[in-house]
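S.K.: Next up is a structure, given as structure tokens.
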Amino acid sequence: MKYTSRFNIKLISRRQDVRMTVHEPGSSEYVVRGHINGVSGKSAALSTSRALKDKAIMTLTSIGRDDPTTAEAQRGATVLRILQGTHKLLDESPWIRNIWFPSDDGIMNWPNSHAPASQRAAASPSHAPGVSPGGNQGRHILNSSQQEAVNTMSSNMDSHRITIIQGPPGTGKTSVIAAFVQYAIEQGVDGIWLVAQSNVAVKNIAEKLMDVGFVDWKLLVSKDFHFQWYVFAHLLLILLRFIYVRHEHIYTKVQDNVIRSEHFSSVSRKTFKNCKVMLCTLSMLSNRFIHKFTSQNPMKTLVVDEASQIEVGDYVSVFSDFHNTLCKAIFIGDDKQCIFPHINLLVCHIYYYLIVPPYGQEDLQDLQSIFEIVHLRKLALFLNTQCQQFSLNSAYLLIPLGCRPNAPSDRPDYIRSSL
Amino acid sequence: MIAKIANDSLRLGQLKPTQTKHQFTTSPDGLTGQVRVTSVAYKNKIRPDQV
């Protein structure tokens, strides 16, 4: 494979080899080899040496591992550039230093030039947004832990440049993100990039933003996912119906908020020039056209949802490509390693079975999410109040029968230790 | 740190399955006379393998 300065420029296209079992009327099954000629959405052309017309293809198997995704390739290219010395990332990026090479005293060091003066003068925790009044349409009433989280997210103090928020399911993580976005926009903050591991999580954030009546955002989505695929297409339809019913006046505008990757090269910069909030998956930040968007909306605040599912090495490309503009990184997720001092032990146990670790962690035990970086874990804020209202009976039923906590010995270490 | 990130990438790549069995439907391709296949599930969709 040949590397270029932009790793994700595709140089070589190779055929995807496949193996089929074919059933022919009046004959037994036999194996045919072929390859995929082209893929469009979820449809692909099969090319084989034998005509398959009037024959039934019983099974279809791709041979060989999938090639690296764009994000994986970008990560590899970043490492390569560091090793080649063309990237002074380790010296230049305070994000790399503060996450991977903490000082002995645990104090993070940030260059003064790393945040715009206008933002440095902005909110500190003591001036953060108050609890939104119930009468203010489209706003949420935040509980105390959510309030503290939004305060910290809005803070521009150096000690809050990296903000970690930990919350079990149902504690309002997405609501916290929406509240933060609303407040930040009111304060004149721009360059907010909301990212997550999965398209569905990104969709959830978009949905929440619309739920609170905020629609001044753009969603960058892969055509592979958006095009024909049931999850996004189905959810988007639900979403649009929901909007149509609840906010008919913004229906047309929301349609324009989604930019599919196939249009990245042709979409006019005017379309997103004054948009202060961008949404996409973490992988999308490795798209070869992403700088078209970041040049108009420089990434100043990065909010990562589902951060517990993301292996920390996946951020290297982000901290490499955007370290000149990035002022604040906020990680939100639910990590099994953390102990929740305020929540019921049974909920703790149920939660243990519901969380999702970074992909591959079951096989590669030493993979870490941002929550498992020891000196950062100490910074974590906990969303907890709503969790106490979590329906125990409902949640208990979610656990497979054989896994339900009956005896103390069944319980994970962190629960036993807090008994 | 760099060694670990590089090594983790390699190990994660090795976790990918060497074969993927697809769920699909078929239809004739009127232009080429070949067969078109359409993925049914996103998780094992047919990918355009490119480097």
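S.K.: Shape call for region A:51-104 from the C-alpha gyration tensor, a ≥ b ≥ c root eigenvalues: rounded (a/c under 1.5), prolate (a/b greater than b/c) or oblate? Before the final figure, lay out each step's value.
M.R.: On the way: a/c = 6.35, a/b = 3.61, b/c = 1.76.
Here region A:51-104 falls in the prolate category.
S.K.: Nearest 10 degrees, 0 to 90: what angle lies between the long axis of helix B:2-15 and the longest principal axis of chain B (Cα atoms)?
M.R.: 30 degrees
S.K.: Can I ask one more? Among A:323-329, A:190-196, how do they line up by average Cβ neighbours within 10 Å per residue, starting with the highest? Intermediate values should be presented prior to the final figure.
M.R.: Working: A:323-329: 19.0, A:190-196: 23.4.
Result, highest mean first: A:190-196, A:323-329.
S.K.: Quick check: the distance between the Cα centres of region A:278-331 and region A:45-94, to the nearest angstrom?
M.R.: 21 Å
S.K.: Continuing with this model, one more query. Given A:LYS173/B:LYS4; A:LYS223/B:LYS45; B:LYS16/B:LYS45; A:LYS173/A:LYS203; A:LYS270/A:LYS292; A:LYS208/A:LYS276, which pairs have Cα atoms separated by over 19 Å? If you can, show how the numbers build up before the last one.
M.R.: Values: A:LYS173/B:LYS4 31 Å; A:LYS223/B:LYS45 14 Å; B:LYS16/B:LYS45 14 Å; A:LYS173/A:LYS203 14 Å; A:LYS270/A:LYS292 11 Å; A:LYS208/A:LYS276 17 Å.
Flagged as over cut-off: A:LYS173/B:LYS4.
S.K.: How large is the dipole of chain B about the Cα centre if only Lys and Arg carry +1 and Asp and Glu carry -1, each at its Cβ, rounded to the nearest 20 debye? Provide the component values of the computation, followed by the final result.
M.R.: Values: 8 positive and 3 negative charges, 42 e Å.
Roughly 200 debye, rounded to the nearest 20.
S.K.: Follow-up question, since we're still on this one. Return A:ILE99, A:ILE177 ranked ascending by Cβ neighbour count within 10 Å, so the fewest neighbours appear first.
M.R.: Working: A:ILE99 21, A:ILE177 25.
Ranked by crowding around the Cβ, least crowded first: A:ILE99, A:ILE177.
S.K.: Let me ask something else. Other chains' Cβ within 10 Å of A:51-60 residues: what's the mean? Please list the in-between numbers first.
M.R.: Values: counts 3, 5, 5, 1, 2, 1, 5, 0, 4, 10.
Shielding by partners across A:51-60 averages 4.
S.K.: Taking each residue of B:21-34 in turn, how many C-beta atoms of other protein chains fall within 10 Å of its C-beta, and what is the average?
M.R.: On the way: counts 5, 7, 2, 8, 3, 7, 1, 3, 5, 0, 1, 4, 3, 9.
The shielding value for this peptide is 4.
S.K.: Taking amide hydrogens as modeled 1.01 Å from N in the peptide plane, which residues meet the under 5 Å criterion relative to A:GLU306, leaving out close sequence neighbours?
M.R.: Those qualifying (amide H under 5 Å, at least 5 residues apart or on another chain) are A:ILE332.
S.K.: On average, how many beta carbons from a partner chain sit within 10 Å of the beta carbon of a residue in A:24-30?
M.R.: Numbers: counts 0, 0, 0, 0, 0, 0, 0.
That average works out to 0.
A short reminder: the numbers here are calculations on the coordinates, not readings from a lab. Please read these numbers as outputs of a predicted model, since none were measured by experiment. FYI the Cβ positions are ideal-geometry reconstructions off the backbone, even for glycines, and counts take in every protein chain you see.
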